[in-house]
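Student: Dumping the structure here so I can ask a few things about it.
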Amino acid sequence: MIQIDFDVIVFKENNTYVAYCPELDVSSCGSSIEHAKEMLKTAVRLFLEEAEEMGTLKDILEEANYVKDTAFRSRSTC
């Protein structure tokens, strides 16, 4: 599995914290900021694994403007 960096935006909705990755349009939630971030890492990992299995990973990462170096990269690591 590749490692990528990604931005994380966290906001609060009622009593739940939502963590969002704008590059991949993936989000998750948790009971605290840290929990939401950890859940987002899991969601991003699962999203990338599924995209890889479907054969669409390269297209998704290119569309999100990731550039292949030693890994695809942008900003908070998964």
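The values are calculated or read from the model by the stated rules, or taken from the named source; none is laboratory data. All of these numbers come straight from a predicted model, not from anything done at the bench. Glycine also receives a Cβ, built like all others from the backbone with ideal geometry; neighbour counts cover every protein chain displayed.
Student: For Asp69, indicate whether it is modelled with pLDDT under 95 and loosely packed, with under 12 Cβ neighbours inside 10 Å.
Tutor: When the stated conditions are applied, Asp69 passes them.
Student: Taking the range 22-41, which residues are touching a strand residue (DSSP E or B) at 6+ places or on another chain (Cβ under 6 Å) and of a type in the set (D, E, K, R)?
Tutor: Once the filter is applied, which keeps residues that are touching a strand residue (DSSP E or B) at 6+ places or on another chain (Cβ under 6 Å) and of a type in the set (D, E, K, R), the range 22-41 yields only Lys37.
Student: Now, a different point. Against the condition at pLDDT 95 or above, loosely packed, with under 12 Cβ neighbours inside 10 Å and either in contact with a Gly (Cβ under 8 Å, 6 or more places away or on another chain) or assigned to a helix (DSSP H, G or I) (or both), how does Glu53 come out, does it pass?
Tutor: Here the answer is yes, as Glu53 does meet what is asked.
Student: Any chance you could count how many residues in the range 11-21 are within 30 Å of Gly55 (Cα to Cα) and either aliphatic (A, V, I, L, M) or out of contact with any strand residue (DSSP E or B) (no Cβ under 9 Å at 6 or more places or on another chain) (or both)?
Tutor: So the answer is 2.
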